[in-house]
Ligand code: NAD
Ligand code: ZN
């Protein structure tokens, strides 16, 4: 009973932050998911009943790393379907989403039957955002925020090819806009279908595997150590953390490791769905906004210096990094000007819910511009 009351209180705190009108958040989950090696080959059968007509294509947004590779031939494109290869070298932008939607609307007489995103967090987020902008006027930037999307998105499918972000399961798509880097958080953002095929992650480089994998690990640490924690988040977070320890410190064979990292990513994403991330993510947003640091590595660059907030989490992170011989860049903020630090600090301090989760309602007593500057200067 005491535990139940505790959970209720925590969830109410969360609700006042994110959804003022409801007592408990009624958030969507991915309704359909395939898991297993080569599950990708079921895609054609899955899409067939979703085809509205031969004139309404499926649009496959695919990470350019797969162009000319074997996977390209396995994409079940028929009729006037289109495969668009997109580089994941830069994180997705609102202008990029708008240009893609415009290109699709100009080329076809009918709205597509659906959008399929194949790639990492970058491609998954682009697929989610394009599916929203196709049915909502005014461009992607207008929907950055919480629950601003009016109309249901078109059918959209997510197929991750690298594991860790939890973008396959989340109700957000993180975009760099003209003024801010912020997600389109809405009930319409979540995928209608996900295919988890661990074999698709085979070609990922070791560094990228580690950085994106650590995104998952950091989701767990920030969720499990946050003030928003509740039994829902805890149960997913603990499972994901256990899997991360097996993957990054155990002796799994490669296929088991791929399977488990895919499930860790899923559980980590589920954990933060009903809680929030914390200090590393808030500060990493600042790094990413100013320097274009990618999400996974940006989180690692910050997290290594957060012993004061997450002592056990950082100690374990160091162990994992050493075990895999991963070197993080040094001197990243060395030559920045005062005005640059001000930009990063202002972006980071704007992430109120993340700080409140990390440190409670009085977070401003601990987190000052000077404090953040001193951490950024170590990076
Ligand atoms: P990514 O999509 O940025 O890709 C990282 C690199 O890995 C790229 O070079 C890509 O080409 C390569 N890659 C991907 N799959 C590969 C494969 N199978 N073989 C070889 N190379 C492969 O990576 P990410 O870390 O998954 O995503 C980061 C993005 O996710 C950021 O834009 C971040 O904002 C976003 N994100 C979104 C959410 C969400 O809930 N929506 C959560 C966390 C992060
Ligand atoms: Zn993250």
Report task. Taking only the range 142-159 into account, find how many residues are surrounded by fewer than 20 Cβ atoms within 10 Å (Cβ to Cβ) and assigned to a helix (DSSP H, G or I). Result -> 1
Query - Among residues of the range 170-209, those that are assigned to a helix (DSSP H, G or I) and more than 16 Å from ligand 2 (Cβ to nearest atom), counted - result: 6
Report summary line: For helices (runs of 4 or more DSSP H) lying entirely in the range 210-320, having 2 or more residues that are over 30 Å from residue 39 (Cα atoms) and within 16 Å of ligand 2 (Cβ to nearest atom) picks out 279-291, 295-303
**Report entry** Options 55, 102: the member that is surrounded by fewer than 19 Cβ atoms within 10 Å (Cβ to Cβ) and outside any loop (DSSP other than H, G, I, E, B)
**Finding:** 102
**Report entry** Complete set of residues in the range 249-277 that are buried (at least 24 other Cβ atoms within 10 Å of the Cβ), more than 14 Å from the chain's Cα centre (by Cα) and under 18 Å from residue 213 (Cα atoms)
**Finding:** 261
Report task. Return only the number of the condition from (1) modelled with pLDDT of 95 or more; (2) assigned to a helix (DSSP H, G or I) that residue 327 does not satisfy. Result -> (2)
Report summary line: Going through (1) at pLDDT below 95; (2) surrounded by 14 or more Cβ atoms within 10 Å (Cβ to Cβ); (3) within 22 Å of residue 177 (Cα to Cα) one by one, residue 86 fails only at (1)
Query raised in the report: For the subset of the range 96-111 comprising residues that are farther than 15 Å from residue 127 by Cβ and without any contact (Cβ under 8 Å) to a residue 24 or more places away in the chain, which member is nearest to ligand 1 (Cβ to nearest atom)?
Result: 102
Query raised in the report: If you check residue 137 against the conditions, is it out of contact with any helix residue (DSSP H, G or I) (no Cβ under 9 Å at 6 or more places or on another chain), under 29 Å from residue 69 (Cα atoms) and surrounded by fewer than 21 Cβ atoms within 10 Å (Cβ to Cβ)?
Result: no
Report summary line: Quick count over the range 215-235, residues being within 30 Å of residue 329 (Cβ to Cβ) and surrounded by 24 or more Cβ atoms within 10 Å (Cβ to Cβ), is 10
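The values are calculated or read from the model by the stated rules, or taken from the named source; none is laboratory data. Computed from a predicted model, the values in this text were never measured in an experiment. Every residue, glycine as well, gets a Cβ built from its backbone with ideal geometry; the counts of neighbours run over all protein chains shown.
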